Amino acid sequence: MERTPEGWSRELKNGVYVLTRTFQFGDFAKAMEFAVRVGAAADDADHHPEITVSWGVARVDWWSHDAKGVTSRDVSLAETTNQLYA
């Protein structure tokens, strides 16, 4: 099993384990800006998470559909997501 990056947890979602983390912001606009930055990093890596945005919150889930779970690529992108939040 791949390691779990700092601040992330594993959750069973539709029968597949995903890395998940919820990020807090001061308002909706900041949460959206973060989601856009994560989306740009995902496009660069050609690997895309599920991102859910609401007022002051962005939840990011990383997993690999083809592997039916978490891979080293997901761990790396979760770490990149942490850096984008810092």
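For the chain, just say rounded, prolate or oblate: build the C-alpha gyration tensor, square-root its eigenvalues into a ≥ b ≥ c, call rounded for a/c under 1.5, and beyond that prolate if a/b exceeds b/c, oblate if not.
Here the chain falls in the prolate category.
Whole-Hz ³J(HN,Hα) for each residue in the stretch 32-44, computed from phi via Karplus 6.51 cos²θ - 1.76 cosθ + 1.60 with θ = phi - 60°, x for glycine and proline: what do you get?
So the Karplus estimates, Gly and Pro as x, are 5, 4, 4, 4, 5, 5, 5, x, 5, 5, 5, 4, 4 Hz.
Modelling each spin label as a point 7 Å along the Cα-to-Cβ direction, I'd like the His65/Met32 distance in nm, to one decimal.
In this crude label model, His65 to Met32 measures out at 2.6 nm.
Keeping all protein chains in place, calculate the accessible area per residue for the chain (probe 1.4 angstrom), answer in Å².
Per-residue accessible area for the chain comes out at 58 Å².
If I compute solvent accessible area with a 1.4 Å probe over the protein chains, what percent of it on the chain is carbon and sulfur?
C and S fraction of accessible area: 51 percent.
So what are the ³J(HN,Hα) numbers for the stretch 15-23, from phi and the Karplus equation (6.51, -1.76, 1.60; θ = phi - 60°), rounded to whole Hz, Gly and Pro as x?
Values per residue, Gly and Pro as x: x, 10, 7, 10, 8, 9, 8, 10, 10 Hz.
The values are calculated or read from the model by the stated rules, or taken from the named source; none is laboratory data. All values derive from a computational prediction rather than experimental measurement. Because the Cβ atoms are built from the backbone with ideal geometry, glycine has one as well, and the counts that use them run over all protein chains shown. Each accessible area value is taken on the protein alone, full model and side chains, heavy atoms only, with ligands, DNA and RNA left out. Shrake-Rupley method; radii C 1.70, N 1.55, O 1.52, S 1.80 Å.
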